[in-house]
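Report on one structure; see the data block that follows.
Bear in mind these aren't lab numbers, they're just calculated from the coordinates by the rules spelled out. Quick caveat: nothing in here was measured; it's all calculated off a predicted structure. In this analysis, Cβ positions are derived from the backbone assuming ideal geometry, glycine residues included, and neighbour counts consider all displayed protein chains.
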Amino acid sequence: MIENVFGGIVLTAQSFNPSIFTEAWLIENQILPQDSLTGPRVYSPEIAQFQTPHLQVLVIPPKMQVLFGLQAGRAEHERATNIMVRTVQLLPQTPYQALGLNFDHFASPPDKEEFGAFDRRLLGSGDYALLGEFSGGDARFGRYLSKDFGDWRLRLDIKPVTAGPDNRELLQFSFNFHHDVSHASQTERSSELVRVLGMWESLRAYSDDLVKRGTQQ
């Protein structure tokens, strides 16, 4: 039932300098292999945007983000984290603020179960006073959950969406693992970011487990 799984890494700072991210700089510093870049690219003082067949990178003054499909294979996941690791190692003077690791899972109902019934079964029962106002077959339900999880603040938003090439109703599980480094000294932020980027695989596995548990009630 789980499909179209996407990942994202978002690094925020007081100010990035997009003009650093030229194609020559990316290749010379082993951030991306020369033959991996594809499609249109933008390199300017205001924005840097480039891509490989399986991931997209955007750098603007408030943030740097990498978006990729989690079904593209382990090599692409490692390439995405390597882009961020190499960046913070090469640019330790950047005033980094926080790191976000994002995972988006889309779940469909089991065969022959209508989406409204599936959504209600998972999320539309309980003691909340307003549920009685949403008793019709066209009602849809979601949840927001948040907690501390080790070095991270986990925010999970679950909601019905219409997505995919056939515009089906799906249940989207959006995970954000947030780690703040603004409290650390400037000299420590780069190494701290490299440390927590190393947790990507375990956080992805944890999000997978929560989605499986959240769709098997």
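Computed values, structure above
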{"read-out": "Most fluctuating residue given options A98, A184, A48, as computed from a GNM of the chain linking Cα atoms under 10 Å", "value": "A184"}
{"read-out": "Most fluctuating residue given options Q51, Q65, Q30, as computed from a GNM of the chain linking Cα atoms under 10 Å", "value": "Q30"}
{"read-out": "Cα gyration tensor shape for region 84-217, rounded if a/c is under 1.5, else prolate or oblate", "value": "prolate"}
{"read-out": "Net charge contributed by nearby residues that have their C-beta within less than 15 Å of L131 (K/R +1, D/E -1)", "value": "0"}
{"read-out": "Förster radius 25 Å - calculated FRET efficiency between S182 and R155, Cβ distance, rounded to 0.05", "value": "0.90"}
{"read-out": "Global form of region 122-164, assessed from the alpha-carbon gyration tensor, a/c cut-off 1.5", "value": "oblate"}
{"read-out": "Net dipole in debye of region 73-217 [+1 Lys, Arg Cβ; -1 Asp, Glu Cβ; about Cα centre; nearest 20]", "value": "240 debye"}
{"read-out": "Sequence-separation-based contact order of the chain, relative, with Cα cut under 8 Å and 6+ spacing, percent", "value": "22 percent"}
{"read-out": "For region 78-133: rounded, prolate or oblate by the Cα gyration tensor [a/c cutoff 1.5]", "value": "oblate"}
{"read-out": "Ranked packing of 187-193, 83-89, most packed first, by mean Cβ within 10 Å", "value": "83-89, 187-193"}
{"read-out": "Farthest positive-ward along the chain dipole, Cα basis, beta-carbon charges - from A129, Q56, H77", "value": "A129"}
{"read-out": "Part-to-part distance (alpha-carbon centres) for region 186-204 and region 134-174, which is given in Å", "value": "27 Å"}
{"read-out": "Lysine pairs with alpha-carbon atoms under 23 Å apart, the chain, spacing 8 or more or separate chains", "value": "5"}
{"read-out": "Helix axis angle, 200-214 relative to the chain longest principal axis, alpha carbon, degrees", "value": "10 degrees"}
